[in-house]
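First comes the structure, then the notes that go with it.
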Amino acid sequence: MTKPRSVIGAKLVELGLEAVMVVFAVLIALAVQEWSDDRQMSEFADRARAAVLAEARANLEELQTTSAGLLQRQESLRVALQDGDLAALGGNVGFTLPEISAAAWRAAQVSQAAPYVDYDWMIQVARRYEVYDLYRTVQD
């Protein structure tokens, strides 16, 4: 016994609606997942940016802390050279150079957070770290 065409047609419509609903549900789930991933990456980018700013503040503090000693040592050397009496230095010409860190900056650059950080801000920070790189080269 064969089913009438109206029953088969009704079943096809029902299956079609279910398929559309499944596709719609999958698309909604994918959109929600994309939104969640985007939000997490934005939060990660904020943490990376905060770490770079904290590192920059620490580097500035390190430069300020050691600059007084460097200026003092420079003045001692100037006076000794001017007087022609290097013995006045007592054989100690050593000085402490600041320790500049770039760990947070390098980590932020290679992380997945980089595309989520403001481009203009990244350029400004990159310029400052170029100076740090130059300083490290001279220090080495």
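The values are calculated or read from the model by the stated rules, or taken from the named source; none is laboratory data. Just so you know, these numbers come straight off a predicted model, no measurement behind them. Because the Cβ atoms are built from the backbone with ideal geometry, glycine has one as well, and the counts that use them run over all protein chains shown.
Computed values, structure above
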| item | result |
| --- | --- |
| ALA68 being touching a residue at least 24 places away in the same chain (Cβ under 8 Å), assigned to a helix (DSSP H, G or I) and among the hydrophobic types (A, V, I, L, M, F, W, C) | no |
| Number of the exception - ALA54 against (1) of a type in the set (A, V, I, L, M, F, W, C); (2) more than 19 Å from ALA104 (Cβ to Cβ); (3) within 16 Å of the chain's Cα centre (by Cα) | (2) |
| Test: GLU34 is in contact with an Asp or Glu (Cβ under 8 Å, 6 or more places away or on another chain) and either surrounded by fewer than 13 Cβ atoms within 10 Å (Cβ to Cβ) or in a helix (DSSP H, G or I) (or both) | no |
| Given (1) at pLDDT 80 or above; (2) surrounded by 11 or more Cβ atoms within 10 Å (Cβ to Cβ), index of the condition LEU81 fails | (1) |
| Region 85-140, subset assigned to a helix (DSSP H, G or I), within 28 Å of LEU71 (Cα to Cα) and of a type in the set (Gly, Ala, Ser), residue modelled with the lowest pLDDT | ALA88 |
